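J.: This is the structure, below, for whatever I ask next.
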Amino acid sequence: MLDRVRRIAEELRFERTRLSLVWWVVASEAVLVLLVASGISAYAIGRLHDLADDQGKARVQLAGAMAREDLRRVSEDLLTQARVLADRPTLERLLAEDRPEELVLFLRRFCEPDKLDACAVYDGSTQLAAAGASLPWSDVLAASLEQGQTFLADPAESTPPVTGAAARLSTRPEVRVLVVRLLDERMAQSLTRQVGMTVQLINYRTFTHAPVDALTQLHTNGLTDGNSAVQRIDSLDLYAASFPVFASTGEAIALIEPDLSAAQIDSSARRLIHELLITAVGLVAIAMLGGAILGRFLSRPVQSLTAAAVRLGQGDFSTSIPAGGAAEVGVLARTMEDMRRNLVELTGTLRRREGEARAVLAGIVEGVYAVDRDRVIRYVNPQAARLLGVEPAQAVGRFCGDVLQPCAQGGQRPCDTNCPILHARANGTARAVEQLCAGGRSARTTVITSSDSVDGLQVQVIRDESELEAVRRARDSVLANISHEFRTPLAAQLASIELLREGMPSMSAERRTDLVLSLERGTLRLTRLIDNLLESVRIESGQLGIRHQRVLLAEVIEDARALIGSLLALRRQRLEVSLPESLPAVSGDPTRLTQVFVNLIANANKFAPEDSVIRVGAEAAGQRVTAWVEDQGAGVMASDSSAIFDRFRRSADEEPEPGGLGLGLWIVKSIIERHGGQISVARTAEGRTRFSVELPAAEADT
């Protein structure tokens, strides 16, 4: 009940941050008016855009039709001019006198005043004279003979299309007079002046070879229709039409393209849209004013109830609940009054029981926390808070998995797959051992006992067993490794001793030497296992100390050679050491560094084939010295290049002599890191396995 009171208070505080009823009424009125006005405006704007679009298309289509009609009249005017030229007596006289120079001058004077682009006179297929623009007259003559008195031609050469007319001399019918106009930019400007809109004349042959652009589809539609096509080109912000011009033979000659800026059409639509928006804003303002007046009248009783509820939620149970307003408001007021009396009675009881429960939980040694149905923590005692490394107030209200932070198992948190809280809900109770990473500390082993849910709350008891678990784990690990790794070399040594004891009188000296060497090899192996085991215990317990002093790597490697020499001799391996004379000293512990190179050379001895060479080298770069040990072994897989330095990491399936505790490289890495250096493994270009050790150089003596 106490939680219910708190929840009501929180909801009331949240409600207070919302808009008041007055503003809700104002907003609803404004939204309704805005929706209606927006709907009407959207419909009107859509219709206006459609009408404007139709108007633009109609205007540009009319301009195209007028331009094509003007072009037809030009053709008729050319026919008249051709007939006038053919009836000139001067032309007949010059032809009769066979005076070609004067004939050219005559044609030139005739063409220029009448704004003809070119004129020509033919006797059959023979050109007698020509004036004006240079044209492929043979193609023009062919079009004239094919189409009749008026014709359209698209010469094969790189010239604009032409429209022209032909007439015969009355006295000499075999003589033809040709007059033409070029369908070029000058003609387009003339048509533009005639129709009051920009007109372009496009050569059909040029169009077919031009790259595709925004107008290509328009002209294609016009040619397909055979009459015209009109379209709004949004990318160019204009209306355009396409009117194909065909010769009488059906051959496409040119395309008439009138253009109209879309901005001219859209400007009127924008003005009306602006007026519609102003009207809508005005209606919304009027609606908000009316809603404010109505909302203030309706909200006064509700505001009084709200203020009383807020005080009630804050714990002031002496607050009186005002009555009044509409029938629903009166029912709400009476209900709140009944709730207030019940809360007064229950709050006292709950506070007494809560105090008793807190006293009991605070005295328990183990940690205790409670969660709700969503596994959100609702209570945590001080012992659990200390174990989890949080303050009780920080844990309450958070998901329990986020506070406990159980370590992932198989890539998933136990909260998702193996939660004791969920098991307890199904079985009545549950117990689980969890590894927790809470509080930013290392993983801790805990035992969590969970009870069944009661009234939506579920209590868990948590006990820390990290130290006990660590002791058990260390004991089991050490015993398992010692019993497994020491048994094999001890058994081999025992067998060698038995052979020596039984066959000593009759055994050859060579055989006795082999057995003694076997005993020596087993002893060295056991010694190295014991040293590594003890060293790992020192490292794990933090007892590994590093004494920094100036150390020459040559001396360290020579000491390691002396310690590991017998193992190299058993596999007939040769150790080559190549150190530059100018190699600076390093800062470190000579005993620990000797152990590093003993382990690295022993590792190379184990993995490299017999009769091979193990190389040791070093170089200096700045304030760092890098030494390496190379062998001719099979190498390390890329996926294991960092894992091989883990503790107890072994690769028995690949080792020529399976054995070892898997501690050698881990110890090497631990010692090198305590020296402030680092170790890595790589494959050289020559196919050798190289372990590189980087150490800080010692400061020069002053």
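J.: Using the 10 angstrom Cβ neighbour count as an exposure proxy, how do LYS669, LYS606 rank, fewest first?
T.: Ordered from fewest to most neighbouring Cβ atoms within 10 Å, LYS669, LYS606 come out as LYS606, LYS669.
J.: Let me ask another. So how far, in whole Å, is the C-alpha centre of the stretch 105-153 from the one of the stretch 377-401?
T.: Result: 105 Å between the Cα centres.
J.: So, one more: Hey, can you rank 51-60, 205-214 by average C-beta count inside 10 Å, highest first?
T.: Values: 51-60: 17.3, 205-214: 11.7.
Order by mean packing, descending: 51-60, 205-214.
J.: Another question about this same structure. So which GluC sites (Glu not before Pro) in the stretch 146-212 are both in a DSSP loop and have at most 14 other Cβ atoms within 10 Å of their Cβ?
T.: GLU157, GLU174
J.: Report the calculated FRET efficiency for THR449 and ALA393 (r = Cβ-Cβ distance, R0 = 25 Å), to the nearest 0.05.
T.: Using R0 = 25 Å, I get an efficiency of 0.50.
J.: Neighbour counts of other C-beta atoms within 10 Å: give me TRP137, TRP666 arranged from fewest to most.
T.: TRP137, TRP666
J.: Distance in nm between label sites at LEU579 and GLU558, each 7 Å beyond Cα in the beta-carbon direction?
T.: Between LEU579 and GLU558, the label points sit 0.8 nm apart.
J.: Once the other residues with Cβ under 10 Å from the Cβ of ALA424 are scored (Lys, Arg +1; Asp, Glu -1), what is the net sum?
T.: +1
J.: Calculate the length of the line joining the C-alpha centroid of the stretch 602-635 to that of the stretch 675-702, in whole Å.
T.: Computed from Cα coordinates, the inter-centre distance equals 10 Å.
J.: So how do CYS437, CYS400 line up by other beta-carbon neighbours within 10 Å, fewest first?
T.: The order, fewest Cβ neighbours first, is CYS437, CYS400.
J.: Return a whole-number percent for the relative contact order of the stretch 113-265, with Cα pairs under 8 Å and 6 or more residues apart as the contact set.
T.: 18
J.: Can I ask one more? Counting only Cα atoms, I'd like the Rg/Rh figure for the stretch 363-464, Kirkwood definition for Rh.
T.: On the way: Rg = 12.3 Å, Rh = 13.4 Å.
Here the Rg-to-Rh quotient is 0.92.
J.: Compute the length gained on full extension between ARG186 and ASN427: take 0.36 nm times their separation in residues and subtract their Cα-Cα distance, giving the result in nm to one decimal.
T.: Details: separation 241, 0.36 × 241 = 86.76 nm, distance 9.80 nm.
Gain on extension, ARG186 to ASN427, equals 77.0 nm.
J.: Looking at VAL433, SER451, ALA384, which one has the Cα that reaches farthest to the positive end of the dipole of the stretch 363-464 (charges on Cβ: Lys, Arg +1; Asp, Glu -1)?
T.: VAL433
J.: Within 13 Å, Cβ to Cβ, of ILE497, how many net charges do the neighbouring residues add up to if Lys/Arg are +1 and Asp/Glu are -1?
T.: Taking every Cβ under 13 Å from that of ILE497, the sum is -1.
J.: Another question, then. Which net charge results when you count Lys and Arg as +1 and Asp and Glu as -1 among the other residues whose beta-carbon is under 13 Å from that of GLU251? Numbers along the way, then the final one.
T.: Numbers: positive: ARG205; negative: ASP139, GLU146, ASP154.
Here the count lands on -2.
Rule-based calculations on the coordinates, nothing more; no lab input. Worth saying up front: this structure is predicted, and the values here are computed from it rather than measured. Note: ideal-geometry Cβ built from the backbone for every residue, glycine included; neighbour counts use all protein chains shown.
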